[in-house]
1. Evaluate the distance, in nm, between pseudo-label points positioned 7 Å from the Cα of N49 and of S13 along their respective Cα→Cβ axes.
2. Expected output is a single nm value to one decimal: the length gained when fully extending between R60 and F38, i.e. 0.36 nm times separation in residues minus the C-alpha distance. What is it?
3. Rounded to a whole number, what is D in µm²/s for the chain from Stokes-Einstein with the Kirkwood radius over alpha-carbon pairs (37 °C, 0.692 mPa s)?
4. Angle, helix 59-96 long axis vs. longest principal axis of the chain, Cα atoms, 0 to 90°, nearest 10?
5. Please arrange V61, V27 by how many other C-beta atoms lie within 10 Å of their C-beta, fewest to most.
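Computed from the coordinates by the stated procedures, all read-outs in this text should not be read as laboratory data. Since we're looking at a predicted model, the values are computed, not measured. Backbone-built Cβ (ideal geometry, glycine too); neighbour counts: all protein chains shown.
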Amino acid sequence: MATAHSHTHTRLSISGLGWGFSAALVVLFVLCMLAALFVPLRLAHGWVNLLSDAPIDSSRVWVEGLIWSIALGWLTALVFGTIYNWIVARRALHEIS
């Protein structure tokens with residue numbers, strides 16, 4: 001006996017994604033900054049250099065890195081959430097018809 005499975009997908013909250021991605025990127029930036037300051041790892045310098053070109057021991061690197069982490073978190077949420085919600089809406093239309 002075959003049964004049809006209906007999958008309902010809920011839309012993602014763009015604001016929830018924005019805060020979540022931003023928080024994750026801020027935590028990663030802080031961890032990489034601490035590693036760059038206390039452990040001479042080149043990998044940490046690479047991540048920090050993506051977000052700021054300021055010297056590693058300046059306060060400007062912290063400000064720029066945190067601002068860019070938040071901005072990139074929101075940009076990622078906007079792109080990812082919009083595409084996901086668009087796909088879910090299209091799939092729901094195809095399931096109805």
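1. Result: 3.9 nm between the two label points.
2. Details: separation 22, 0.36 × 22 = 7.92 nm, distance 1.80 nm.
Taking 0.36 nm per residue and subtracting the Cα distance, the gain is 6.1 nm.
3. Numbers: Rh = 15.7 Å.
D, rounded to a whole number, is 209 µm²/s.
4. 10 degrees
5. Working: V61 21, V27 11.
Listing V61, V27 from fewest to most nearby Cβ atoms yields V27, V61.
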